[in-house]
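Colleague: This is the structure, below, for whatever I ask next.
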Amino acid sequence: MPRRRWTTDEIAKLCDMAQRMPVDRIAAELNRGVPAVTVKAHQLKLSLRVKPKQEGREKTPAGMDMQGP
């Protein structure tokens, strides 16, 4: 099976979705396999680790979570 080349539009979408969506969802959105997305992200030096949302929490300088009242 021949490999599809990555288009500039697909690369832009990958960059936009990286760190916001899980890799399996990115792969589905791009109609590509998880390994293909992982390899391309590595080539582009993109992290695929999803950043947690920090709603309603403050961070202290030591990095510990503090709950508001």
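Colleague: Quick check on the exposure proxy: order E29, E55, E10 from fewest to most C-beta atoms within 10 angstrom.
Modeller: Details: E29 14, E55 5, E10 17.
Lowest count first: E55, E29, E10.
Colleague: Enumerate by residue number the trypsin sites (Lys or Arg not before Pro) in the stretch 1-33 meeting two conditions: DSSP loop (anything except H, G, I, E, B), and at most 13 other Cβ atoms within 10 Å of the site's Cβ.
Modeller: Hits after loop and neighbour filter: R3, R4, R5, R20.
Throughout, read-outs are computed from the coordinates displayed, never taken from laboratory work. No experiment lies behind these values; they were computed from the predicted model shown. All Cβ positions, glycine included, derive from the backbone under ideal geometry; neighbour counts span all protein chains shown.
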